[in-house]
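What follows is a single structure, written as structure tokens, with notes after it.
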Amino acid sequence: MQLKLKATFNDGSTNEVTTNLMTIVMWERKYKRKASEMAQGIGVEDLAFLLYEATRAAGTTVPGSLDAFINTVASIDVLETQDPKADPAQ
């Protein structure tokens, strides 16, 4: 599963990132949930964590803690969801 996320920061700047396998695994480890549960919905903190880790993975410098990062974010939008198990013919 991949999520394409768009962050709008308090200063008006934006950033788009896409999660990868490692960011999803990190989310599973931290929140003790399975990626398959995302289909039922996830919370804002979950999105913020995925955004934080995907931003770090993309090489962008972020604050040292998730909470400090969240304080800089005005909104998060999910632009696209890709499920590798989905049948593209459907």
In degrees rounded to 10, the 0-90 angle between helix 21-31 Cα long axis and the longest Cα principal axis of the chain is 80 degrees
Under unit Cβ charges (Lys, Arg +1; Asp, Glu -1), what dipole magnitude, rounded to 20 debye, does the range 24-70 have relative to its Cα centre? 180 debye
Taking the range 1-58, the whole-percent share of alpha-carbon pairs separated by over 12 angstrom is 65 percent
Would you order MET38, MET1 from fewest to most other beta-carbon atoms within 10 Å of each residue's own beta-carbon? MET1, MET38
Would you calculate, for the chain, the mean residue ellipticity at 222 nm contributed by helices, counting each DSSP H stretch of 4 or more residues as -39,500 (n - 2.57) and dividing by all residues, to the nearest 500? -10000 deg cm²/dmol
Contact order relative to length for the range 5-86, counting C-alpha pairs under 8 Å separated by 6 or more residues, stands in percent at 44 percent
The helix 44-57 Cα axis meets the longest alpha-carbon principal axis of the chain at an angle in degrees, between 0 and 90 and rounded to 10, of 80 degrees
So if I take the centroid of the Cα atoms in the range 40-82 and the same for the range 1-24, what is the distance between those two points in Å? 6 Å
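None of the figures in this text is laboratory data; all of them are computed from the coordinates on show. Owing to the predicted nature of the structure, the values given are computational and were not obtained by experimental measurement. Cβ coordinates were reconstructed from backbone atoms using ideal geometry, including for glycine residues, and neighbour counts include every protein chain displayed.
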